[in-house]
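Coordinate-derived values only; no laboratory data. Every value quoted in this text rests on a predicted model; they were computed, and no experiment measured them. No Cβ is skipped: glycine too gets one built from the backbone with ideal geometry, and neighbour counts run over all protein chains shown.
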Amino acid sequence: MSDRGESSVDTEMGHRSAVSAGVEVLGDRWTLLVLREMLLGETRFNDIHRAVPEINRSLLSARLRRMRAAGLVERVVGADDRPTYLLTPAGAALRPLIDCLGYWAQDWVLDSSRVPRADLGWLLWRLRQLVRAETPPVTVVVEFTVDGESEAPAWLVLRPDGSGVCAVRPTLDPDVRVVADLSALRQIVDGEATVAGACRTGTLRLTGLPGPVADFFGWFRHAAATAAPVSR
């Protein structure tokens, strides 16, 4: 065999070995789903679990330990003694892989008849992940109602120290009321549309106090631009 042929074989074998090593670290469903949530900005155990409710808590703990051992995640205990889980640079570098896996599934695996119908609460939890960290400066309550359906409303509560989703009416009156098409919300959280674009097309309609309504568009990132916290 020529030197060129041997070099080609060596390169192919090295590539196979590298892929095998990557699969050894990432090759199960839960690790990839946990990575997806952390790339979307989740850092708390309970928040990761809420975003991936199919995984039980003991299995999630085991996956996070495994990801720490692989150098993908760092566990940091804050001044309040509450741990957070941050992606290392190696973990954050997996964003293109997770994005490509999602695009591939959209093109080759899923079709509109097979995509499960998302409920309003789950979609608002995803939307919460797109809230910019620095806004709004005061607590704002946003009530969401599904257009043309009997599904109960849900509320997104935006606070300076974090945001949450409520299935029970908050004590504060809504500052903004949103009537939304579920498919439009799905497109927003999947990165296929923006909040401003949905409002322009009428699939998201806002009423409420003039100030919060005007500020509403600036509170959310585009899903494709969401950056995950990374340990240093």
(request) Between ARG44 and SER17, take the C-beta separation as r, use R0 = 41 Å, and let me know the FRET efficiency to the nearest 0.05. (result) 0.65
(message) If R₀ is 22 angstrom, what is the calculated FRET efficiency for the pair ARG29 and THR84, using the beta carbon separation as r and rounding to 0.05?
(response) 0.40
(message) Could you work out how much longer the chain between ARG75 and ASP99 gets when fully extended? Use 0.36 nm per residue separation minus the Cα distance between them, nm to one decimal.
(response) 6.2 nm
(request) Please work out how much length the chain gains when fully extended from ALA133 to ASN56, using 0.36 nm per residue of separation minus the C-alpha to C-alpha distance, in nm with one decimal. (result) 24.9 nm
(message) Using the Karplus curve 6.51 cos²θ - 1.76 cosθ + 1.60 with θ = phi - 60°, what ³J(HN,Hα) values do you get for each residue of region 183-198, in whole Hz, with x for Gly and Pro?
(response) 5, 5, 4, 4, 5, 5, 6, 8, x, 8, 8, 10, 4, 4, x, 5
(message) Please check: in the Gaussian network model of the chain (C-alpha springs, under 10 Å), which one of THR84, THR171, THR194 has the largest mean-square fluctuation.
(response) THR171
(request) Pop the C-beta distance of HIS222 and SER183 into the FRET formula with R0 = 25 Å and round what comes out to the nearest 0.05. (result) 0.90
(request) Please determine, in degrees from 0 to 90 and to the nearest 10, the orientation of helix 57-69 with respect to the longest principal axis defined by the Cα atoms of the chain, where the helix direction is its Cα long axis. (result) 50
(request) Can you tell me how much longer the chain between THR207 and TRP108 gets when fully stretched, taken as 0.36 nm per residue apart minus their C-alpha distance, in nm with one decimal? (result) 31.7 nm
(message) Using helices alone, I'd like the mean residue ellipticity at 222 nm for the chain: each DSSP H run of four-plus residues gives -39500 (n - 2.57), total over residue count, nearest 500.
(response) -13000 deg cm²/dmol
(message) For ALA154, what residues show an amide H to amide H distance below 5 Å, using hydrogens built from the backbone and excluding near sequence neighbours?
(response) PHE144
(request) For ARG65 paired with VAL168, estimate the spin-label separation in nm (one decimal), with each label point 7 Å from Cα along the Cα-to-Cβ line. (result) 3.4
(request) Considering the options ALA79, VAL52, VAL140, tell which one lies farthest towards the positive end of the dipole of the chain, charges being +1 on Lys and Arg and -1 on Asp and Glu at the Cβ, about the Cα centre. (result) ALA79
(request) Convert each backbone phi in region 81-90 into a coupling constant with the Karplus relation 6.51 cos²θ - 1.76 cosθ + 1.60 (shift: θ = phi - 60°), then list the ³J(HN,Hα) values in order as whole Hz, x for Gly and Pro. (result) 6, 9, x, 10, 10, 10, 5, 7, x, 5
